[in-house]
Amino acid sequence: MDFSLSEEQRLAIDGWRRHLQHHVLPVTSEFLDSPFPKDVAHRLLHLTIPYGVGCGWIPEADGGAGLDFLSSGLLFEELSRTSPDLGGVAWVTEGAALKIQSAALPAIKERYLPGLVSGDLIGCSATSESEAGSNVREIKTKATRDGRNYRITGEKLWTSNATIADFALVVARTDEQQYTMFLVDRQEHGFEARDISKLGLNGWSMGQLLFDNVLVPEENIIGGLGGGLRETMKGFERSRCFVSTLALGIAQSALDASIAYSLERRQFGKAIAGHQLIQGMLADMVTELEAARLLVYRALWLLASGTRCELEAAIAKSFATEAAQRITSKAIQIHGASGLTREFPLERYFRNARLLTIPDGTTQINQLIIGRKLTGIDAFGQA
């Protein structure tokens, strides 16, 4: 596996970086502590879509950019150096678009996919509940057949893009051991969304969705009756890879800021970069970052080749997000008291990194997945 960038990729990343600095950053910097309003989220997606972020996984024949997952991951990593919050909005919408492109009935695909690949629609996936996170089999949301429709009742928690999504892909029980995914349109079918105030990534809406006997036609089933578990598990591998790209971008920003500060800040008659303990921390930071990057790129490469990568995605996600925590913590240490103030971005980097250890499988859940792959023993207690 050769992960060195081609000249074409290098030029594309350079152009993307300039676009982010000149056009995206002035908008995202206004929403560091509050979620992007819906109109702003659409405006930002309109800025990223031409570069393949928000539509990259969709084939060109269906209006997308047709990027492989590794190339897309490079773009998301760079975006996350500017705004991991926007990276989250785009990645979740792109995931919803891919589910519709690959598993929806033609009429649903025709209705929703053009808006998704243009940035005119925003999607979300609603799986987690208060008593069911990574274990989809424990969800309590139910969908009861009513003629050619289903009535959905339940609550979803920690749903990304909750308050700005035009629709939700909702996983519900259609039988005792049968799980089905439904497209629920906010305007047509109706559901309530409440934002959750959280530690970090505050520009990215995460919230609670409430469904009270919501009537949804059977043609809105994604992946067939009983296909909800399969579609969700396929999405987990991809999601863990792309959460990891957000961690890489945050960690790189913290490292860049620390190097620049160490060269500027003077103590005992010289730049602190000349002190051995500072150099030791910088060395630890870049070593962990490069190790995380290789793990993430390997998982993305496998994903791009169509190879199942449950183990590699779990390794990448658990290591990259935990490494980002350690890197951002060291960055605060290098900045001293300044790193604790809101005048510098370090405390925000740390909060953002800390949050990423939780979604799409906590570090501990991913360790159980790794352990199951290594030993063949399922510590989740499932058959």
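Quick look at the numbers
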{"read-out": "Of all residues in region 1-30 being exposed (fewer than 13 other Cβ atoms within 10 Å of the Cβ) and among the polar types (S, T, N, Q), the one that is nearest to the chain's Cα centre (by Cα)", "value": "29"}
{"read-out": "Any chance residue 9 is at pLDDT 95 or above and either farther than 30 Å from residue 198 by Cα or not assigned by TED's automatic domain parsing to the domain that holds residue 203 (or both)", "value": "no"}
{"read-out": "Yes/no for residue 187 being touching a Lys or Arg at 6+ places or on another chain (Cβ under 8 Å) and surrounded by fewer than 24 Cβ atoms within 10 Å (Cβ to Cβ)", "value": "no"}
{"read-out": "Residues within region 145-162 that are aliphatic (A, V, I, L, M), without any contact (Cβ under 8 Å) to a residue 60 or more places away in the chain and assigned to a strand (DSSP E or B), tallied", "value": "1"}
{"read-out": "Any hit, region 280-287, residues being under 30 Å from residue 144 (Cα atoms), surrounded by 19 or more Cβ atoms within 10 Å (Cβ to Cβ) and not assigned by TED's automatic domain parsing to the domain that holds residue 78", "value": "no"}
{"read-out": "Among (1) crowded, with 22+ Cβ neighbours inside 10 Å; (2) in contact with a His (Cβ under 7 Å, 6 or more places away or on another chain) - the single one residue 54 does not satisfy", "value": "(2)"}
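The rows are residues; the columns are (1) over 30 Å from residue 1 (Cβ atoms); (2) without any contact (Cβ under 8 Å) to a residue 40 or more places away in the chain; (3) in contact with a Pro (Cβ under 7 Å, 6 or more places away or on another chain).
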| residue | (1), (2), (3) |
| --- | --- |
| 284 | no, no, no |
| 287 | no, yes, no |
| 294 | no, no, no |
| 305 | no, yes, no |
| 331 | no, no, no |
| 334 | yes, no, no |
| 356 | no, no, no |
| 377 | no, yes, no |
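For (1) surrounded by fewer than 22 Cβ atoms within 10 Å (Cβ to Cβ); (2) among the basic types (Lys, Arg); (3) more than 14 Å from the chain's Cα centre (by Cα); (4) closer than 30 Å to residue 3 by Cα, each residue gets a yes or a no:
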residue	(1), (2), (3), (4)
60	yes, no, yes, yes
91	no, no, no, yes
101	yes, no, yes, yes
111	yes, yes, yes, no
115	yes, no, yes, no
126	no, no, no, no
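The values are calculated or read from the model by the stated rules, or taken from the named source; none is laboratory data. Remember, it's a predicted structure, so these values are computed and weren't measured experimentally. All Cβ positions, even for glycine, are placed from backbone atoms using ideal geometry, and neighbour counts span all protein chains on display.
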